[in-house]
Amino acid sequence: MKSLFKYSSIFAFLLLAFACGNADDDVNLDINFGDGLGKGEPVDDCLNFEESDLILSIQEQYTTLPGKVSILFKVSDTNGSPVAGLTANQFTIYEQGRNDECFNTISSSESYARISPNSQIFNANTILVLDLSNSVLSSSLDELKTASVSFVNNVMPATTEESYKMAIYWFDGEDGLHLLNDLTSSKQELVAAIDSITDDISNDPSTDLYGAVIESTDIAEDLLKESIKNEVIGAASVVVFTDGTDQASRYTKEAALKKVNDASANISFFTIGLGAEIDTQILSDIGKTYSVFAGNAEELENTFNDISLKISERANSFYLFEYCSPKRDGSGDNNLVIQLTDGNRQGAVQTKFSADGFTGGCE
């Protein structure tokens with residue numbers, strides 16, 4: 001049987017939200033966006049599972065008395081693409097106690113297995129950064145506003161959720177981003193802010209693209225620090241739209257790219273380019289997560305929708321899976337396997353939990 005390895009944490013904090021019961025003390029607030037298993041490990045050979053098509057990357061786990069086990073994980077395919085929209089009945093639970101040679105299947109119905117809201121341990125923030133230099137205001141403002149409203153409607157949940165928020169900034173030639181709407185979970189507030197943009201909003205016709213990239217990255221970093229202070233796992237997406245290249249020359253390309261490349265792994269970068277004056281290579285380098293380009297203003301809404309789909313899938317590929325374990329106090333550490341089936345694809349991950357203090361009854 002494969003030996004279990006200890007969980008590691010780069011940044012360990014006491015997560016007060018999990019203090020009830022016998023919650024784990026070490027919480028890793030850095031998200032694993034790669035193809036790895038995060039805090040999980042490969043499944044024991046005794047289960048004879050087929051090769052995985054899906055990757056379950058455990059971000060964090062904790063237990064709550066009298067007997068609940070909670071696992072936050074991200075699901076992606078083997079190409080790293082996020083998998084959203086999964087339901088609890090697609091997961092199978094296997095447990096192995098100290099007296100079990102292999103794993104026993106735990107009934108999902110009897111264990112009250114469910115996908116729960118993850119707002120208490122995870123939040124996702126989006127920073128939309130719009131180029132409102134003279135070229136945009138004079139030729140494609142209406143299309144940009146329509147595309148931005150569509151973006152907000154697609155990224156933000158249908159019902160208001162505090163764990164999903166967005167802020168909107170804009171830039172022109174001046175040094176520094178302009179705040180259009182502060183971070184909010186209100187879709188209506190964001191749409192109203194976009195509708196308020198007029199063609200005389202800017203006083204500087206130039207384009208400070210590199211400065212906008214640097215400052216928006218700093219804003220994203222500050223949001224992650226705030227999440228850590230609140231003992232929550234946080235992710236941020238920076239989305240930059242522009243129809244040109246940097247003209248202000250306040251900051252260098254190298255400084256902007258260094259800021260992006262040195263940013264926290266919990267920050268994703270997306271770029272949307274419009275027209276023939278953009279430098280596609282630079283925008284691709286800035287938008288290292290994903291970049292799209294529109295040949296004309298009429299294509300803007302489609303490109304914004306393309307990005308919004310990527311962001312929504314990424315945010316919604318995090319699941320808080322919870323169930324009531326039949327293990328009881330005194331059984332020590334128990335091995336746990338969660339298997340996911342999605343059509344003809346499957347994947348699984350193994351971890352362990354302590355049943356110390358577990359008794360009957362679980363909500």
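The values are calculated or read from the model by the stated rules, or taken from the named source; none is laboratory data. Because the structure is predicted, anything quoted here is derived from the model rather than measured. For neighbour counting, all protein chains shown are included, and Cβ atoms are generated from backbone atoms with ideal geometry for every residue, glycine included. We work out accessible area using only protein heavy atoms, side chains counted, and drop any ligands, DNA or RNA first. Shrake-Rupley method; radii C 1.70, N 1.55, O 1.52, S 1.80 Å.
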>> I need a count of the residues in the range 293-326 that are under 28 Å from ILE233 (Cα atoms) and open to solvent by less than 40 Å² (accessible area, probe 1.4 Å).
In response: 15
> Would you pick out the residues in the range 225-234 that are in contact (Cβ under 8 Å) with a residue 60 or more places away in the chain and in a helix (DSSP H, G or I)?
Replying inline: SER227, ILE228
>> If a residue must be under 12 Å from TYR323 (Cα atoms) and either touching a Lys or Arg at 6+ places or on another chain (Cβ under 6 Å) or exposed (fewer than 15 other Cβ atoms within 10 Å of the Cβ) (or both), how many such residues does the range 60-88 contain?
In response: 1
>> Please determine whether any residue of the range 125-133 is assigned to a strand (DSSP E or B) and either under 23 Å from GLN350 (Cα atoms) or open to solvent by 20 Å² or more (accessible area, probe 1.4 Å) (or both).
In response: no
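So that you can scan it fast, the table gives a plain yes or no per residue for (1) modelled with pLDDT of 90 or more; (2) over 30 Å from ALA355 (Cβ atoms); (3) touching a Leu at 6+ places or on another chain (Cβ under 8 Å):
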residue	(1), (2), (3)
ASP45	yes, no, no
VAL75	yes, no, yes
SER108	no, no, no
TYR112	yes, no, no
> If GLU161 passes every condition in (1) of a type outside the set (Val, Ile, Thr); (2) surrounded by 17 or more Cβ atoms within 10 Å (Cβ to Cβ); (3) under 16 Å from the mean Cα position of the chain (by Cα); (4) assigned to a loop (DSSP other than H, G, I, E, B) but one, which one does it miss?
Replying inline: (2)
>> Can you pull out every residue in the range 282-312 that is under 20 Å from the mean Cα position of the chain (by Cα) and among the aliphatic types (A, V, I, L, M)?
In response: ILE286, VAL292, ILE307, LEU309, ILE311
>> Can you tell me which residue is nearest to PRO42 (Cα to Cα) among those in the range 313-342 that are part of a loop (DSSP other than H, G, I, E, B) and within 24 Å of the chain's Cα centre (by Cα)?
In response: SER317
> Within the range 264-274, can you find the residues that are touching a residue at least 60 places away in the same chain (Cβ under 8 Å) and either of a type in the set (A, V, I, L, M) or surrounded by fewer than 19 Cβ atoms within 10 Å (Cβ to Cβ) (or both)?
Replying inline: SER264, ALA265, LEU274
>> If I ask for residues that are open to solvent by less than 20 Å² (accessible area, probe 1.4 Å) and modelled with pLDDT of 95 or more, which ones from the range 211-234 would you list?
In response: GLY211, ALA212, VAL213, SER216, THR217, ALA220
> From ASP356, ASP285, ASP342, ASP333, which residue is surrounded by fewer than 19 Cβ atoms within 10 Å (Cβ to Cβ), among the charged types (D, E, K, R) and touching a Phe, Trp or Tyr at 6+ places or on another chain (Cβ under 8 Å)?
Replying inline: ASP333
> Taking the range 179-203 as the region of interest, how many residues are open to solvent by less than 80 Å² (accessible area, probe 1.4 Å), of a type in the set (A, V, I, L, M) and closer than 13 Å to LEU130 by Cβ?
Replying inline: 6
> Does any residue of the range 110-124 turn out to be among the acidic types (Asp, Glu), under 29 Å from GLY360 (Cα atoms) and surrounded by fewer than 14 Cβ atoms within 10 Å (Cβ to Cβ)?
Replying inline: yes
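Restricting the search to the range 139-187, which residues are acidic (Asp, Glu) and closer than 18 Å to ALA297 by Cα? Spell out how you get there, then give the answer.
Step one: list which residues in the range 139-187 are acidic (Asp, Glu), which gives 142-143, 161-162, 172, 174-175, 182.
Scanning the range 139-187 gives ASP142, GLU143.
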> Residues in the range 235-259 that are surrounded by fewer than 19 Cβ atoms within 10 Å (Cβ to Cβ), part of a helix (DSSP H, G or I), in contact with a helix residue (DSSP H, G or I) (Cβ under 7 Å, 6 or more places away or on another chain) and of a type outside the set (Lys, Arg): how many?
Replying inline: 2
> Among the residues of the range 168-178, is there at least one that is aliphatic (A, V, I, L, M), within 27 Å of TYR210 (Cβ to Cβ), modelled with pLDDT of 95 or more and open to solvent by 20 Å² or more (accessible area, probe 1.4 Å)?
Replying inline: yes
> Given the conditions (1) open to solvent by 10 Å² or more (accessible area, probe 1.4 Å); (2) of a type in the set (Asp, Glu); (3) modelled with pLDDT of 95 or more; (4) more than 25 Å from THR160 (Cα to Cα), which single one is not true for ASP208?
Replying inline: (1)
